[in-house]
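Take a look at the structure below.
The values are calculated or read from the model by the stated rules, or taken from the named source; none is laboratory data. Predicted, not measured: the structure shown is a model, and the values here were computed from it. No Cβ is skipped: glycine too gets one built from the backbone with ideal geometry, and neighbour counts run over all protein chains shown. Calculation scope for accessible area: heavy atoms of the full protein, side chains included, ligands and nucleic acids excluded. Shrake-Rupley method; radii C 1.70, N 1.55, O 1.52, S 1.80 Å.
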Amino acid sequence: MSNQQWPAEWRAWAEEVQATFPNATSSLMPFLHRVRSQQGWLTPEALDAAAELLGMTRQHVDSVVSFYTLFRTEPTGARTIHVCRGLSCMMAGADTLMENLEHHLGIAEGQTTSDGAVTLLEAECLAACDLAPACQVNLVYRGPVAPDAFRELLEMPVEEPPALARRAEQSGAQGAKGVADRE
Amino acid sequence: MIQLSIDGREISVPEGTMVVDAAAKLGIEIPVYCYHQALGPLGACRICLVEIEKMPKLQTACTTAVREGMVVHTGGPAVEKGRQGILEFLLINHPLDCPVCDKGGECFLQDYSFWYGSGKNRFEESKIQRQKDYPVSDYILLDQERCVLCQRCIRFLGEYVGEEQLMLEGRGVHTVVSTVEGQPAHSPYAGNVIDLCPVGALLSEPYHFKARPWNIEREETVCSVCPVGCASLVTGRDGHPVRLEGRPQPDLDDYGFLCDHGRFTYDFVNHPARLEQAFLDGKPASASAAVAAVGERLARVVEKSGGGAVAVLTGAVHTVEEEWALAQFARESIGTSRLAVLKPVAGDLPLPLLGTYADLAAATGVLLLGADPYEAVPVMHLKLRAARRAHPVAVWGLGDRVLTRSTLPGEDFVAEPGQVAARLGVVLGGEALDGRWAELRRGLLETERLVVLWDGADPAAAALLAALAGQRGERPTAVLPTHGPRNWLGAVRAGISAEHAAAARILEDAAEGRLEALILLAADPLRDFPDGDLAARALERVPAVYFAGWFAPEPRHALSAMLPTAAWAEVTGTYANMEGRLQVAHGAAAAPGQARPVRSLVTALARAMGHPLRLPDFDPFQDQDGDRIARPAKQPAESAGAPARPALPPGEWRVLTGDMVAVSHPPSEIAERTREPLPLRLHPHDADELGLGAPGGLIEVAQGERRFVAGARRDARIPAGRVFIPRGLADVPANRLDHGAGVKIALADPVREEVAAP
Ligand code: SF4
Ligand code: SF4
Ligand code: FES
Ligand code: FES
């Protein structure tokens, strides 16, 4: 690709996914997943890069991104918690679990703590009803999580998106551990 | 051919035809939302369900290609139940606000609900609320609640036009149509999505809440703004046009797409600048008094010096019938043969070469000779893209600036300013051509069917086009002239000469004092004649100028009389477009004030002159060539060269000019919102050197004593050292500058002062 302004890593990924999926539209999702797991969310630059490096329109990229809830286009915390709001989980107390988390973190569902440590999201059935109430922390399953046991979601060790971890190191902040330590 | 049966009737259609189109051939209508012939199958909405024997489930008629022996049922209980189910889903979150919807009565959601809908809603949950007036562009509103997500709008702009400015956002019931990155759509073809939207989701902002279907008259017309003459429908309410829509013409393979310059300028007929009142010697007068006075004065001139002392120039915007009435008046009542069309370009198309839109659709190679269709004749650009979607078409641009663009890629050959025809001559001469130019020659001579879009600017090109056709021998060559005025071929049909020399002779005679009166029918020589200085001298010298038309030219003190005439949409008549096709346009509005049709004006003038004029009925259709004007037989042609231009002293710029419908459309209050503030164009490097900001700013163009100030935009399609000035621009009249000499360019004073301020 001619455009040199994108990070070398992205350019390498683009070449890699294009080699695996010769159909341009099929290569978009794997590329976006890599960028997302690297930086936690998709910046406008990432969307431009996807369009340009994979040879499609920004219109197409935006449409695909808006279709999937996992592709977030807003700054997202180093620790992203999904609480399932499906039927089984609701019956097992998912709404109380969510409320407890909201109170504890001082944010509402869909928001990120001001230090950028935690993002709290709801999910449709995570296909793990046997673990109800089921959650995901940075996409790692956890369950059953009793409503009162919400702290384990904040304490369980997880891998952070590398870009966020780097940023946390640079700024001297404490990343995902911040919230737990504040207790 | 494939043989199949639909509803018990046999039909055979070409392989690859979709069931929905095969049924249409039998006159059987299958409901569709997402399907459109111009866009091809998608299968998103499922309303077109039909039953096909031996297939277990209902099938979508728009995505199912015909097969030999297929037996299709487009009705029956299963089909009706299927469509009813689809409609029930489509209406789950629909607000059912037809009583306040602009499209109420013109909506396929309503129609199909009447046919198949259940009349009862089983869905009791509250509806999802979305944005009701999302501004898609300056002219278009989107009611997201009414959208059925058929994607016609998105696919039209993205695939057909090639400007991806709309998209689907979200998933499931949360999906909405929105603009890319929240930026308003700015394509000049965006307005078509209003016509394409099968429901009341995409709405015309200027027409919003203006009328209900039972208040209006919706008449067949043709767009009057540029020479493409797109087929359209005009909506009249209470005597005013309030809307223009595209009108598909299936037998011409025309889907009825318009451009926004035409779609949103219909209000020109009610513009404050419109001439609605007669003036005599600068003072308001009643129309009858003004006509009587003008008639008497003309009679006196004719008596004293003969009819030859009077000349008539027409701007060729009235109907063919009216141009014919004018010609009769000139010849019989006045007795003059000085009668011509005023064209903004000096080139004369050899009429035997005049091509058609069908030629364009079938072309294998297209030469843009000086013409940028996107700006000058926008729907031609769409037609070219459509031809390209069907089969490969080579596109070459030969002009003094870049003429292809990202939505119409091709090879560009940029000539020195004023040397376009000379370049073509060299290419046809074929001697000592280097690589690329040799390729161009080979392409032009060898492509199977060639169409040239010619801007008419360089008169020397006319003979070369004839020579090109000659060199191509048996291979068809067709030329489509992109220049105005929009009905010049109609004036030719009415027997008026459209040769540049004819108009030039009239103005020369006037400038030399050989004329005693000049009659202008909607003609503005100062603005439009290629040699603006000659026009100025002519208007100064001729003792009396009588103007009749819609917008009186400046300076008005030079006009002895101004007589208002009825405009487009106010009369029924015929117009000829740039392929010479005669198209009937009906009136849907009332002429304002004292405006009257040209026919009654000239008969009244003749009566006042004392020579009553009897105008028999005139039928513009000649019937020998369908509904196109007759073309004379081809004549052998010789090729000619063009003189080379001297080099410019350093620091001077070459002037380029061309048609831009965004500038030349009639004055419109609606289109004011997208008026181009920076109509001039410069190369970005030149702009940097001048210190012009992005996207542009005010510059001063100077030649000798003349100085003009106007906005200029950066544009990489203009070669360095050249400045593009669209034709007909009031701020910088390109026809008052000597294109052979250079101009000086500087940042305009206000900008300099701003920069200098502390
Ligand atoms: S806005 Fe109209 S044309 Fe566009 S997707 Fe919705 S219903 Fe279809
Ligand atoms: S291309 Fe010309 S005739 Fe057609 S809609 Fe636009 S302005 Fe009108
Ligand atoms: S409902 Fe929560 S995992 Fe299925
Ligand atoms: S028209 Fe056939 S699926 Fe939409």
In nm, spacing of pseudo-spin labels at B:E53 and A:E45 (7 Å Cα→C-beta vector):
6.5 nm
Under 21 Å from B:K81, Cα to Cα: lysines that are on another chain or at least 8 residues apart
B:K54, B:K57, B:K120
Using only the alpha carbons, work out the radius of gyration and Dmax of the stretch B:2-90 in angstrom.
12.1, 35
Sort B:91-100, B:461-470 by packing, meaning the average of other beta carbons within 10 Å per residue, with the highest value first.
B:461-470, B:91-100
Starting from the Cα of B:A730, step 7 Å along the direction of its Cβ; do the same at B:Q249; then give the gap between the two resulting points in nm.
3.3 nm
What is the ratio of the Cα radius of gyration of the stretch B:449-531 to 2.2 N^0.38 Å, where N is its residue count, to two decimals?
1.36
If you count the DSSP beta bridges with both ends in chain B, what percent of them are antiparallel, to the nearest 5?
55 percent
Over the protein assembly as shown, average the accessible area per residue using a 1.4 Å probe and give it in Å², no decimals.
43 Å²
In the protein assembly as shown, if the dipole is taken from +1 on Lys/Arg beta carbons and -1 on Asp/Glu beta carbons about the Cα centre, which of B:C101, B:H240, B:G158 is farthest to the positive end?
B:H240
Just to be sure I understand the curve: with the Debye formula and one point per C-alpha of the stretch B:353-478, what is log10 I(q)/I(0) at q = 0.15, 0.17 Å⁻¹?
-0.62, -0.82
Spin-label proximity, B:A630 to the stretch B:313-338 - amide N less than 18 Å from point 7 Å beyond Cα toward beta carbon
B:321, B:324
Among the DSSP beta bridges whose two residues both lie in the protein assembly as shown, what percent are antiparallel, rounded to the nearest 5?
55 percent
About the Cα centre, charge dipole magnitude for the protein assembly as shown (Lys/Arg +1, Asp/Glu -1 at Cβ), debye
1580 debye
Provide a whole-number value for the mean count of partner chain Cβ atoms within 10 Å of the Cβ atoms in peptide B:161-174.
3
Looking at the protein assembly as shown from every direction and averaging, what is the projected area of its Cα convex hull in nm²?
48.1 nm²
Give me the aspartates and glutamates in straight-line cross-link reach of B:K304: C-alpha distance below 13 Å, same-chain residues under 8 apart excluded.
B:E296, B:E516
Tell me, what is the FRET efficiency for A:A149 and B:I92 to the nearest 0.05, using R0 = 35 angstrom and their Cβ-Cβ distance as r?
0.35
Can you compute the radius of gyration and Dmax for chain B, using only the Cα atoms, both in Å?
28.1, 90
Carbon/sulfur fraction of accessible area - the protein assembly as shown, other protein chains in place, 1.4 Å, %
51 percent
Crossing angle, helix B:500-511 versus chain B [Cα axis fit, 0-90 degrees, rounded to tens]:
40 degrees
Percent breakdown of C-alpha pair distances by 10 Å bin, ordered from the shortest bin, for the stretch A:79-170
18, 52, 25, 5, 0
Helix B:420-429 vs. chain B, principal-axis angle (Cα, 0 to 90°, nearest 10):
80 degrees
Mean other chain Cβ within 10 Å across B:177-186 is 2
Compute the acute angle (0 to 90°) between the alpha-carbon long axis of helix A:44-54 and the principal axis of greatest extent of the alpha-carbon atoms of chain A; round to the nearest 10°.
40 degrees
Quick check: net charge around B:R146, other residues with Cβ under 12 Å of its Cβ, Lys/Arg +1 and Asp/Glu -1?
-1
In chain B, with Lys and Arg counted as +1 and Asp and Glu as -1 at Cβ, which of these residues, B:G470, B:Q249, B:C230, has the Cα nearest the positive end of the dipole, that is, farthest along it?
B:Q249
Summing +1 for each Lys or Arg and -1 for each Asp or Glu, what net charge is found among the other residues whose Cβ lies under 15 Å from the Cβ of B:H391?
+2
Could you work out, residue by residue across A:64-71, how many beta carbons of other chains sit within 10 Å of that residue's beta carbon, and then give the average as an integer?
3
Under the rule a/c < 1.5 gives rounded, and otherwise a/b versus b/c splits prolate from oblate, where does the stretch B:654-747 land using the Cα gyration tensor?
oblate
